[in-house]
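**Q** The following block contains the structure, expressed as structure tokens.
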Amino acid sequence: MLSKLTISNYALIDRLETDFSTGLTAITGETGSGKSIMLGALSLLRGVRADSRVVRKPAGKAVVEAVFAMPPRSLRPVIEEAGCDWNDEELILRREVSSTGRSRAFVNDSPVKLQTLQALSYSLIDIHSQHETMKLADSSSQLRIIDAMAGNRQLLEDYRALYSKYVGLRRRLDECRRDIARNRENREFMLFQLEQLDRLKPRRGELDELERLYDIYSDAGEIKEQLSAAYGLIDGYDRSAVSLLAEVRSALGRLDLSLFEKEDVDSPGLQQRIETLYIELRDIASTIGDYASGVEADPARLAKISGRMDSLYEAQKRFKVEDNDALVDFHESLRQKVGPETGSSEEVESLESEIRELAPKLKTKALELSASRASAANEFSELLTATAKPLGLPNLKFSVLMAKCKPSSDGVDCISFLCRFNKNQELQPLENVASGGEMSRLMLSMKEILSSRLHQPTVVFDEIDTGVSGEIADRMGRMMKSMSLSTQVIAITHLPQVASKGDHHFRVYKTDNEESTVTRLECLDEAGRRRELAQMLSGDHVDEAAMRNASSLLASSHKGQTDPNQDNTVKNINE
């Protein structure tokens with residue numbers, strides 16, 4: 001149970017430190033006094049989004065700390081997994097919010113992830129606000145209520161494990177089929193590309209040779225003319241370079257050149273140099289002659305060369321390669337890639353086999369889950385009708401409609417709460433016929449029915465009695481009192497009939513100090529309770545009659561109901 005709550009630097013609260021006890025605790029106060037601020041602070045422990053605006057003094061941080069006495073041992077694995085020490089006597093949850101909006105979570109003074117704090121708080125305390133009452137109309141909330149009634153947590157976990165595996169297998173099967181289809185499409189496209197390149201048959205270095213030949217044949221006449229002229233000048237005419245050099249060689253041959261040449265000179269003699277030049281010049285002439293004889297104007301061949309070049313250029317562009325050699329490389333890579341059809345059908349067959357084996361198990365578990373819900377739904381309908389009727393709903397008829405729906409992680413059941421509040425009405429969905437007050441009474445009845453099944457040590461009601469008064473308010477108070485025998489109940493209320501049932505009574509109020517307005521919380525003694533109840537009964541003018549009515553209300557609410565171990569220590573510390 002919640003044994004201590006400390007709030008500091010939060011909204012209108014400078015520092016508030018409160019001890020709580022077992023049983024029913026009533027919290028009252030005027031509208032705007034700060035009751036909702038306390039609830040908001042407590043909600044921080046349940047993982048709600050931190051807002052920097054709640055930090056009272058930006059220089060510090062807002063801190064909310066709750067101490068739970070004798071925590072359930074079922075939480076020990078969660079706490080130890082988070083790296084925190086376990087304490088059989090108490091569990092401390094704390095959350096800190098800085099002025100920048102950054103928050104930190106702690107369990108037993110050790111830092112933890114916010115999800116860990118959230119999981120623990122949801123197991124320890126149930127905060128029921130008016131917003132939660134509105135969520136009662138939501139089908140998923142209704143399904144959770146029936147599951148809590150059925151106590152089928154393990155069954156639901158087993159089903160979800162099978163469902164998760166089934167969904168994973170189906171997803172993988174779909175991916176495999178898409179991969180096979182995609183690979184088939186890719187292979188067909190690659191085959192198409194390969195067929196084109198096989199017809200083209202590109203060769204490494206081919207385009208360079210074609211470009212050379214194109215340059216020759218596109219200007220063959222001019223090239224042949226210049227080559228022939230060069231040949232004639234070297235060795236084609238009577239006075240060509242070769243004939244003139246021959247005369248030079250002959251003239252020098254008639255001389256004794258040793259007269260001019262030194263014997264120790266390593267370089268060849270002049271006669272030898274002339275001979276070498278003569279031979280080289282004849283060879284050059286022969287080469288030019290060969291060039292000239294190989295050049296003939298051939299328009300057909302030129303057109304063929306041009307067409308082949310165009311085909312190679314177009315292929316480079318189509319297949320997005322840089323040059324002709326890259327085109328050859330791409331052609332070779334396609335030959336390697338295109339083999340047997342890609343995409344293994346073996347994995348598909350294996351997955352299909354697993355799914356066929358798993359599907360009956362999933363269906364069986366879903367049917368078990370549905371059966372447990374159907375049984376719980378009937379029991380819940382009877383209990384809720386019997387519990388809620390005394391709360392001013394004499395003509396209440398309540399039923400749970402179960403229908404089959406598409407399988408999901410919650411099973412194959414769609415839940416809808418049907419009810420009527422008047423004899424002449426047909427059963428209709430709860431959200432269509434219930435007023436706010438009727439919804440609150442139904443929710444309180446549901447909480448009483450489920451409190452023992454949810455195993456939450458503490459339940460907080462935030463004005464669940466809104467919209468009722470008189471005898472109905474008294475009955476709702478007694479219902480909360482009954483719940484408090486097995487669960488710690490904290491009720492924020494405006495009704496004296498409910499507040500009078502509390503084993504402990506706190507008053508929330510605002511006061512001004514030298515700097516600002518702050519929210520305070522005080523534990524009321526017997527006299528304080530009488531005055532608070534009298535003021536709730538009569539307003540600001542509290543007379544003797546109101547005091548007598550308050551005393552009578554307390555007496556009737558607490559006949560023989562005293563708690564000798566009650567600890568009502570409250571500390572309000574100004575900072």
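The values are calculated or read from the model by the stated rules, or taken from the named source; none is laboratory data. No experiment lies behind these values; they were computed from the predicted model shown. Cβ: placed from backbone, ideal geometry, glycine included. Neighbour counts: every protein chain shown. Side chains are part of the model used for accessible areas, which takes the heavy atoms of the whole protein and leaves out ligands, DNA and RNA. Shrake-Rupley method; radii C 1.70, N 1.55, O 1.52, S 1.80 Å.
**Q** DSSP loop (so not H, G, I, E, B), at most 12 other Cβ within 10 Å: list which trypsin sites (Lys or Arg not before Pro) in segment 383-443 pass both filters. Walk me through the numbers before you get to the answer.
**A** On the way: sites: LYS397, LYS404, ARG420, LYS423, ARG441; in loops: LYS423.
Qualifying residues, ordered by number: LYS423.
**Q** Also, quick follow-up: Using bins 20 angstrom wide from zero, how does P(r) for the chain break down, in % of all Cα pairs?
**A** Pair shares across the bins are 14, 29, 17, 11, 10, 10, 7, 1, 0.
**Q** Counting other Cβ atoms within 10 Å of each Cβ, which chymotrypsin sites (Phe, Trp or Tyr not before Pro) in segment 215-321 have at most 13 and sit in a DSSP loop?
**A** Numbers: sites: TYR217, TYR231, TYR237, PHE260, TYR278, TYR291, TYR313, PHE319; in loops: TYR237, PHE260, PHE319.
Filter output for segment 215-321: TYR237, PHE260.
**Q** By the gyration tensor of its Cα atoms, with a ≥ b ≥ c the square roots of the eigenvalues, what is the shape of segment 472-544: rounded for a/c under 1.5, prolate for a/b over b/c, or oblate? Before the final figure, lay out the partial values.
**A** On the way: a/c = 2.43, a/b = 1.49, b/c = 1.63.
Oblate.
**Q** Calculate the FRET efficiency for ALA300 and GLU332 from the Cβ-Cβ distance with a Förster distance of 45 Å, rounded to the nearest 0.05.
**A** Values: r = 32 Å, r/R0 = 0.71.
Efficiency, rounded to the nearest 0.05: 0.90.
**Q** Could I ask something else about it? Kindly provide the GluC sites (Glu not before Pro) of segment 387-476 that DSSP labels as loop, not H, G, I, E or B, and whose Cβ sees at most 15 other Cβ atoms within 10 Å. All intermediate terms of the calculation are to be shown ahead of the outcome.
**A** Values: sites: GLU426, GLU431, GLU438, GLU448, GLU463, GLU471; in loops: GLU426, GLU463.
Within segment 387-476, the qualifying GluC sites (Glu not before Pro) (loop, at most 15 other Cβ atoms within 10 Å) are GLU426.
**Q** Still on this structure, I have one more. Assuming R0 = 51 Å, what is the FRET efficiency of ALA371 and ASN87, from their Cβ-Cβ distance, to the nearest 0.05?
**A** Numbers: r = 41 Å, r/R0 = 0.80.
Calculated transfer efficiency: 0.80.
**Q** Using only helices, what value at 222 nm comes out for the chain when you add -39,500 (n - 2.57) per DSSP H run of length 4 or more and divide by the total residues, to the nearest 500 deg cm²/dmol? Walk me through the numbers on the way to the answer.
**A** Numbers: 19 runs with 303 residues, N = 575.
One gets -17500 deg cm²/dmol as the mean residue ellipticity at 222 nm.
**Q** To make sure I understand the rule: partners must be lysines, Cα under 26 Å from the Cα of LYS406, and not fewer than 8 residues away in the same chain. Which ones qualify?
**A** Result set, ordered by chain and number: LYS135, LYS165, LYS361, LYS363, LYS365.
**Q** Figure the gain on full extension for SER98 and ARG182 (residue separation times 0.36 nm, minus the Cα-Cα span) and round it to one decimal in nm. Don't skip to the end; give the middle numbers.
**A** Numbers: separation 84, 0.36 × 84 = 30.24 nm, distance 5.24 nm.
In short, 25.0 nm is gained.
**Q** SER486 to GLU261: extension gain in nm, 0.36 nm per residue of separation minus the Cα-Cα distance? Please report the intermediate quantities before stating the final value.
**A** Details: separation 225, 0.36 × 225 = 81.00 nm, distance 13.33 nm.
Value of the extension gain: 67.7 nm.
**Q** Counting heavy atoms of the protein chains only and a 1.4 Å probe, report the per residue accessible area for the chain as a whole number of Å². Spell out each step's value before the answer.
**A** Numbers: 31050 Å² over 575 residues.
With the other protein chains kept in place, the chain gives 54 Å² per residue.
**Q** When the accessible area of the chain is split by element with a 1.4 Å probe, what percent falls to carbon and sulfur?
**A** Numbers: 15300 of 31050 Å².
Reported share for carbon and sulfur atoms: 49 percent.
**Q** If you don't mind, there's one more thing I want to ask. Indicate the gyration tensor shape class of segment 1-83 (rounded, prolate or oblate), computed on the Cα atoms with a ≥ b ≥ c the square roots of the eigenvalues: a/c under 1.5 is rounded; otherwise a/b larger than b/c is prolate and the rest oblate. Before the final figure, lay out each step's value.
**A** Numbers: a/c = 2.33, a/b = 1.31, b/c = 1.78.
Verdict is oblate for segment 1-83.
**Q** SER52 label point, 7 Å along Cα→Cβ, cut-off 17 Å on backbone N: hits in segment 93-112?
**A** 96-104
**Q** Based on the mean of other beta carbon atoms within 10 Å per residue, what is the order of 269-276, 486-493, most packed first? Don't jump to the answer; show the numbers that get you there.
**A** Working: 269-276: 13.8, 486-493: 24.5.
Highest mean packing first, the order is 486-493, 269-276.
**Q** Please list log₁₀ I(q)/I(0) at q = 0.15, 0.18 Å⁻¹ for segment 287-365, using the Debye equation with identical point scatterers on the alpha-carbon positions.
**A** These q points yield log10 I(q)/I(0) values of -0.81, -0.91.
**Q** Would you mind computing the Rg to Rh ratio of segment 114-245 from its alpha-carbon coordinates, Kirkwood style for Rh? Let's see the in-between values first.
**A** Numbers: Rg = 43.1 Å, Rh = 25.3 Å.
We get a ratio of 1.71 for segment 114-245.
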